[in-house]
Every structure is written in structure tokens, then in C-alpha cells.
Amino acid sequence: MNYLNMNEKKLLPVVLELNILLADYNIYYQKLRGFHWNILGKNFFDLHNKFEELYNDAKIKIDEIAERILTLQHHPVSQFKEYIKMATVEEIIPLIKDTEMVEELLRDHKKILAQMRIILMHAEEVTDEGTIDMIGAYIGELEKSSWMLNAWSKNTSDQLDTSIIKQV
């Protein structure tokens, strides 16, 4: 039954790209768990808590993405060997410095945001408002997390772009 009132064949690119995002989030989730478990040093408390916050958020998104794929009447990919093949996010050994962990997550965010924009492009072509709404919200949340991690990695003397302030 086509309860979505959308062309099922035209939804295939959306489903494919959602599965790639699902793979990205599964690898990202496990990377966050590894960082959470293995963080050392003066930034332990800040980053240990931040990584836990991020992996809890990723866990929710993994479920929501899989359920969106099911809503679109397809089975989501659910094997790690497939996630590793499909994902743009890559596994790494988590035994790295805290600053490297944050840099790695920012690189992952860039990849995940690019994947989300691909999904939006395909979803817009078939007026898949449910996917558009879900992914749009995800983009805003991930951009905010990226800003916070990027701010953490700066020195207190660093400044953002002030050109607009100088024009006022």
C-alpha cells in the first residue's frame, strides 16, 4: 500500500542516501564511544561529558534514520560490515590526543553535513517533506555542535570574522 502518496521508484535515491547517512552515524557513534572511553588529560571532564552527549544524540539519530527508511517502505542496512563499506566517515584507533579527537570529529561533521545536503537535494526532487524536515533539523543541530567543538579548539585570544562589525 502506498500510504505516502509518493512515487516509490523516485524515492530510491533518498533511501540510498539515507542508508549512507545511517552508516556514517553508526561509525561516528562508535568513534565517539571510543573517544569517551579513552580520553586522557586536563580536558578529560569536559570532553568525556561532551563525547557522551554527542554519542547519545547519535544513538537517537541512528534510530530515527532507520525508522525513516522503514517509513519509506524499505529495510535499512543493519550490518556493520555494510556500514564500513558505505560510510564516508572512517574508523580510527581512538588512542589519540584530545585535540586530535576534536579535529577528527569536526572532519566527520563536515562529511555528515555533506551527506545530509545530498539527501535534501534528492528529497526535494520528490517533495519528501518528512525527510526534508528531519534532515533540516539535523543540519542545524550538527552545525551547532561543530561550532562548539571548533570554539573549544581555539585559543582565548583567537577571534572570529569581525568584518561585518567594522562596517557598522
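Here is how the numbers come out for the structure above:
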read-out: Scan of region 133-159 for residues that are in a loop (DSSP other than H, G, I, E, B) and surrounded by 10 or more Cβ atoms within 10 Å (Cβ to Cβ), ordered by number; value: Ser153, Lys154
read-out: Lys59 under 12 Å from the mean Cα position of the chain (by Cα) and closer than 30 Å to Lys154 by Cβ; value: yes
read-out: Index of the failed condition, Leu4 passing every other in (1) modelled with pLDDT of 95 or more; (2) over 14 Å from the mean Cα position of the chain (by Cα); value: (1)
read-out: So Ile112, is it within 30 Å of Lys42 (Cα to Cα) and outside any helix (DSSP H, G or I); value: no
read-out: Members of region 98-119 that are closer than 24 Å to Leu18 by Cβ, β-branched (Val, Ile, Thr) and over 8 Å from the mean Cα position of the chain (by Cα); value: Ile118, Ile119
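A quick yes/no check of all residues on (1) under 17 Å from His36 (Cβ atoms); (2) not acidic (Asp, Glu):
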{"residue": "Lys97", "(1), (2)": "yes, yes"}
{"residue": "Glu100", "(1), (2)": "yes, no"}
{"residue": "Lys111", "(1), (2)": "no, yes"}
{"residue": "Met116", "(1), (2)": "no, yes"}
{"residue": "His122", "(1), (2)": "no, yes"}
{"residue": "Ile132", "(1), (2)": "no, yes"}
{"residue": "Leu142", "(1), (2)": "no, yes"}
{"residue": "Trp152", "(1), (2)": "yes, yes"}
{"residue": "Thr156", "(1), (2)": "no, yes"}
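The values are calculated or read from the model by the stated rules, or taken from the named source; none is laboratory data. The shown structure was predicted, so the numbers you read here are calculated from the model rather than taken from an experiment. For neighbour counting, all protein chains shown are included, and Cβ atoms are generated from backbone atoms with ideal geometry for every residue, glycine included.
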